[in-house]
Structures are given as C-alpha cells and as structure tokens.
Amino acid sequence: MVNVVITGGAGFLGSRLARELLAAGSLDVAGAGPRPLSGVTLIDRVPVPPDLAADARVTVILGDLGELLDPFGPPGPLAGPLAGPLAGAEVIFHLAAAVSGECEADFDLGMRANLRATESLLASCRALGTGPVVVFASSLAVFGASGEHPLPPVIDDHTLPNPQTSYGIQKVIGEQLLADYTRKGFLNGRAVRLMTVSVRPGRPNAAASGFLSGIIREPLAGQRATCPVDPGTEVALASPAKAVAALLAAATASGPAWGGRTAVTMPALSVTVADMAAALTEVAGPQVSALIDWIPDPAVAQIVTSWPARVHAERATRLGLTPDPDFGSVIRAHIASLILAGHSQTLR
C-alpha cells in the first residue's frame, strides 16, 4: 500500500493530481511496480474541493506548511519534524509555493513560502528515516537572460540556470537542496521544471504568467481580459494534463530511467501570444477573442520575456513525456473539463 502526500493539494494542479491518483487506485513508486494506493493527504492553507474532501481515502490538513513542519513551533499534534503531515508517506509531491508575481512584490513572502517551507519539508523527510520519494515542482523560471549570460535560442538539458526573479532563485535553491538530500541518502528527490501551465481553471492568481491563462479563460466566460505583453511574445506552455503527467513520471520512473540528481525540464509547446489569440478565435469565434485588451505592462513583460520560449527536453522525452500538439487542442481540453465539471454556464 502506498501513502501519498501533496502539498498545495487544494490548488488546481494538486487537486488534479490527487484525482488522477485516486482514479488509478495504485502507484508505481520509482519503478518498483504498481501497488495499491492506501491514501492521499492534501496539505494546504485553504479547503480542498468538495469531491476530494468527500473521498474516504483523502486526509485534509489545513494550515501553513512552514508552520506545520516547524520543529520549533508551538507544541501540538502536528509539532515537530516527525509528526502528522508526512508520517507514513512514501511519495511526497511538493507543489505548495508563492507564485512569481507575489515573490517580486513581497520578498519575505517568497523566502518564507518557497525557501524556508521547502527546507522544513526536506528536514522532515530526512527525519522520517524512510527515504521517501520527493517530487519537487520547480519551474522554467530558473532560466533567464542577462547581459553576461544570454539565453540560447533553445534551452536543453545542459543549459545552466540563470534566474532573473526571486521566484526563480528560490526554485533553483530548492532544486539544489533536494539534490543534496538525495546525495546524502536522506530521500529520493526528483525535481521537475514545469512550464507555464495554460489554461489554468479558476480565478486569476498573482503569477506574472497568469495572463497566459486569463486571456483564454476569461473571454470564454464572457469577460474581458488584459494581455500585458506584445502579441509577438513567444512563450513555452504546457496544459494541466501534461504538467500532471510530468509530476507522475517523476514519481514512477526507476532510478536509471530518471538519470541523476539534476532537475528534468519538461517538454513545452512554443507559441506566440498572437498564436494563442488566433487559436481562441478558431475554437470559440472572433467575438470571444475580441474580449482581449492589449495593454502593455513593462514590469510583467520584463519578467515573461526573460524566460526561455523554446525547449529541447531530451531526458523528459526518454521518460515518455511529450508537448501538447497545438494550442487549439489545449483550449478544447479546457472547455471539455469545464463541461465535465458542470461549469458549462461559464462558457459564452
């Protein structure tokens, strides 16, 4: 039996991952063969979706991850690195994080949520003494362009990180800490550099890349949306389904197949923002794409254009991961997911 913990379990990616695990009913941990899933623990500061809360196999822990895992915190049933949240976990998906825009606006928040909470999680995993598999959701934001280190036209598995934001720096540090805990034998760490995920369901968030979902999601709901970058801006994207597939591949790959302690960059669909708007026109009609307002925001544009837009992900390809075929298919999948979830009234 396999016990799984997902930090950030109430988020759109964490909840989707939880649903896929529960639907499968089993998990092949690090290539050792499928075993039945005994339970999924979801840790988040906000309530999880009702369908997950109602599943008898799901345990929900509400609270700030850093506080829950703080060995010097107040006494209680969750105090200390050995207690509550991670007890019995064989696989831990660490998705909880403050997003890019939040980290730029509030440096202390980013350090607390993305660095100190990750440090506490890794220390708690070590204290378990069981060597759990830890899948760390890193980001394309670990790469960036600077005067002394310009980005190559296409990044690959040998491109060195050069983050240009606090969020990207915090993710690089998390990758390196995970690698060292793995080297020391405290856990089996796998870091996955996720692309910007589009189309994200739900409400807008504070990520600098949030508009890459908003310019699709809001017009489909009959609402106006702002695009803060030039239409010709090229970006690297992945659908929610592809992002979850990358996380699962990290958990299930054997050691030799995973191929080392460094992070795996997932494949990406490279498109311009104009391509995205054109796909929206094709799928939903010109009256929908006309709801996009093109209003430049230099601060957002500076962050987004510092990220790579083209990826050659050889290691990920060997794991069986593939990019989305085109952005029109991503939009259609988003619409299908809304209909399946009973939100067809949000489509106009």
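The values are calculated or read from the model by the stated rules, or taken from the named source; none is laboratory data. The shown structure was predicted, so the numbers you read here are calculated from the model rather than taken from an experiment. Here the Cβ positions follow ideal geometry from the backbone for every residue, glycine too, while neighbour counts run over all protein chains shown. The accessibility values were calculated without ligands, DNA or RNA, using every heavy atom of the protein model including side chains. Shrake-Rupley method; radii C 1.70, N 1.55, O 1.52, S 1.80 Å.
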### Task
Would you be so kind as to identify all helices of the chain, as entire DSSP H runs, whose Cα atoms reach 15 Å or more along the helix's own axis and whose mean Kyte-Doolittle hydropathy is at least 0.5?
12-24, 117-128, 240-252, 273-284, 327-340
#### Entry: Value at 222 nm in deg cm²/dmol, rounded to 500, when DSSP H runs of n ≥ 4 in the chain each add -39,500 (n - 2.57)
-10500 deg cm²/dmol
### Query
Just from the alpha-carbon atoms, what are the Rg and Dmax of region 196-334 in angstroms?
15.8, 51
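Accessible area per residue of region 206-348 at 1.4 Å probe, in Å²?
For region 206-348, the solvent-accessible area averages 42 Å² per residue.
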### Query
Pick from Gly320, Gly131, Gly328: which is most flexible by mean-square fluctuation in a GNM of the chain where alpha carbon atoms under 10 Å apart are linked?
Gly320
### Message
Here are labelled values, [x] 16.8; [y] 21.0; [z] 26.6, and one is the computed mean projected area of the Cα convex hull in nm² for what I pasted. Which one?
### Response
[x]
### Message
Defining a contact as two alpha carbons under 8 Å apart and six or more residues distant in sequence, what relative contact order in percent does the chain show?
### Response
17 percent
### Share of carbon and sulfur in the accessible heavy-atom surface of the chain [1.4 Å probe, %]
57 percent
### Task
Search the structure for amide H atoms under 5 Å from the amide H of Thr226, placed 1.01 Å from N in the peptide plane, and list their residues when 5 or more places away or on another chain.
Asp293
### Charge sum, other residues only, whose C-beta stays under 15 Å from Ser254's C-beta, Lys/Arg counted +1 and Asp/Glu -1
+4
## Note on the structure
Ordering Trp294, Trp258 by the accessible surface of their heavy atoms, 1.4 Å probe, largest first, yields Trp294, Trp258
